[in-house]
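Structure first, then comments.
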Amino acid sequence: QVQLVESGGGLVQPGGSLRLSCAASGSIFSIYAMGWDRQAPGKQRELVAAITSGGSTNYADSVKGRFTISRDNAKNTVYLQMNSLKPEDTAVYYCNADPYYSGSYEWSPFGSWGQGTQVTVSS
């Protein structure tokens with residue numbers, strides 16, 4: 001089981017930027033797909049971005065061109081750079097480590113989740 005700790009959330013004005021980080025425990029980080037989900041109040045949880053062990057990425061249509069996911073296997077860390085933030089990006093963002101991610105817009109049921117970090121975009 002992989003343990004995940006997210007950081008980097010906070011309050012930002014519309015148009016601003018934030019970078020989320022997710023540090024993972026364990027020596028097998030490099031073989032897991034990693035990514036981020038988010039859940040806003042009253043809305044379904046959605047996959048925001050994912051990156052495979054080989055570096056292939058996948059993004060929700062709503063964040064394409066604004067968010068960038070990356071990973072540093074030497075540091076067991078995955079990042080989500082969020083630019084041009086909008087109020088509708090306000091949500092709790094959760095990090096996931098998935099050993100069986102297929103590259104689609106859904107995670108396998110075998111992933112490990114972090115505790116979440118709040119992102120609020122408001123003036």
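The values are calculated or read from the model by the stated rules, or taken from the named source; none is laboratory data. Given the structure is predicted, the values throughout are model-derived calculations rather than measurements. Every residue, glycine among them, receives a Cβ derived from its backbone with ideal geometry; neighbour counts consider all protein chains shown. The area values use the complete protein model at the heavy-atom level, side chains included, leaving out ligands, DNA and RNA. Shrake-Rupley method; radii C 1.70, N 1.55, O 1.52, S 1.80 Å.
Kindly indicate the residue of the stretch 19-31 that is open to solvent by 30 Å² or more (accessible area, probe 1.4 Å) and in contact (Cβ under 8 Å) with a residue 12 or more places away in the chain and also nearest to Pro87 (Cα to Cα) among those meeting that condition. Filtering first and then ranking leaves Arg19.
State which residue pairs qualify: first residue among the hydroxyl-bearing types (Ser, Thr, Tyr) and inside the stretch 5-17, second residue open to solvent by less than 60 Å² (accessible area, probe 1.4 Å) in any location, beta carbons under 7 Å apart, and separation of 6 or more residues or different chains. Hits for this filter: Ser7/Ser21; Ser7/Thr117; Ser17/Met82; Ser17/Asn83; Ser17/Leu85. Only residues that are of a type outside the set (A, V, I, L, M, F, W, C) and touching a residue at least 60 places away in the same chain (Cβ under 8 Å) were counted across the stretch 104-123, and they come to 9. The one condition from (1) in contact with a helix residue (DSSP H, G or I) (Cβ under 8 Å, 6 or more places away or on another chain); (2) open to solvent by 10 Å² or more (accessible area, probe 1.4 Å) that Val121 does not meet is (2). Every condition in (1) free of Cβ contacts under 8 Å to residues at least 40 places away in the same chain; (2) farther than 10 Å from Leu80 by Cβ holds for Thr52 except the one numbered (1). Of all residues in the stretch 21-49, those being assigned to a strand (DSSP E or B) and either touching a Phe, Trp or Tyr at 6+ places or on another chain (Cβ under 6 Å) or farther than 17 Å from Val121 by Cβ (or both) number 13.
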